[in-house]
Each structure stands twice: as structure tokens, then as C-alpha cells.
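A.B. asks: Below you will find the structure I want to go over with you.
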Amino acid sequence: MDQFMEEFTLKALIYRITRAIWFLFGIIESFLFLRFLLRLFGANPNARFTMFIYSLTNPLMAPFSNVFNVFEAGGVIIDANIILALFVYYLVAWGIIRLILMARPIHMIEKEGKFKK
């Protein structure tokens, strides 16, 4: 296999890995955001769906529990810990993607500094 094909194959692999990480991150963020909405609108914690979402996201929320006080007024709960978790998981996904992208091959144009965006 010549160098062009090796470079193309590596780029394709890196692309697939980064897409898979963003997909996984999207799933995590979706469940955490759903948890935020359920708490915000005072969903019944004994409802099966609510229990399912809470049990699914409890392990994801464990590192962030009790960082901030939970604001509660009139059945509305604003849990800043969930917002913190959303932000931190985004940063983790972004950091992993950046590390993976450092492994991509560099073209001669980029190497010489002639590449313009």
C-alpha cells in the first residue's frame, strides 16, 4: 500500500472514531438534559420513565452531586449540578477529540505553513 492510501485509511479511521465519540457524547448529553428538564418541571420521581432516566444518569451525576445547592421553589427544581455535568462532559469529549486529531497525517502544504483557512 502506498503512502497516499495509508494516509487516506488513517484519516478515515480517525474520522470514524471522532464521529463515534461525538455520537456517544450526544447520547450522554441528551440523557443529562432530559434529567434536567424532568427536575425543572417537577416530574413525579415515582413514575417509571422518570425513575429510568434518573437511574440511567445517576452514575454520570455521581462526581457532580452536591457541588452546588439545588434551588427549589414551588415544585420547580433548578439543579446547577446537572448543568456543570453537561459542561464538563462536553469538555472531556472535546479534549479526547483534540487528542485523536493530533494523530492525523499532516500534508506538505500544512507543514510548510502555506495552508490557509
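A.B. asks: Can TYR89 be described as of a type in the set (Phe, Trp, Tyr), in contact (Cβ under 8 Å) with a residue 60 or more places away in the chain, in a helix (DSSP H, G or I) and within 16 Å of ILE28 (Cβ to Cβ)?
C.D. replies: yes
A.B. asks: Now for a different question. Which ones in segment 8-50 are exposed (fewer than 13 other Cβ atoms within 10 Å of the Cβ), more than 18 Å from the chain's Cα centre (by Cα) and of a type outside the set (D, E, K, R)?
C.D. replies: Passing the criteria: THR9, ALA12, PHE41, GLY42, ASN44, PRO45, ASN46, ALA47, PHE49.
A.B. asks: Which members of segment 25-51 meet the condition of being under 21 Å from PHE87 (Cα atoms) and either charged (D, E, K, R) or touching a helix residue (DSSP H, G or I) at 6+ places or on another chain (Cβ under 8 Å) (or both)?
C.D. replies: Scanning segment 25-51 gives PHE25, ILE28, GLU29, PHE31, LEU32, PHE33, LEU34, ARG35, PHE36, LEU38, ARG39.
A.B. asks: So which residues in segment 5-55 are touching a strand residue (DSSP E or B) at 6+ places or on another chain (Cβ under 7 Å) and in a helix (DSSP H, G or I), if there are any at all?
C.D. replies: ARG39, LEU40
A.B. asks: Please list, ordered by first then second residue, the pairs with beta carbon atoms under 7 Å, 6 or more apart or interchain, first in segment 40-52 and β-branched (Val, Ile, Thr), second exposed (fewer than 11 other Cβ atoms within 10 Å of the Cβ) and in a loop (DSSP other than H, G, I, E, B).
C.D. replies: Between residues of segment 40-52 that are β-branched (Val, Ile, Thr) and residues that are exposed (fewer than 11 other Cβ atoms within 10 Å of the Cβ) and in a loop (DSSP other than H, G, I, E, B), the close pairs are THR50/ASN44.
A.B. asks: Test each condition in (1) modelled with pLDDT of 95 or more; (2) over 15 Å from the mean Cα position of the chain (by Cα) for ILE82 and report the one that comes out false.
C.D. replies: (2)
The values are calculated or read from the model by the stated rules, or taken from the named source; none is laboratory data. It should be emphasised that the depicted structure is a prediction, and the values quoted were computed from it without experimental measurement. With ideal geometry, Cβ positions are generated from the backbone for all residues, glycine too; neighbour counts draw on all protein chains shown.
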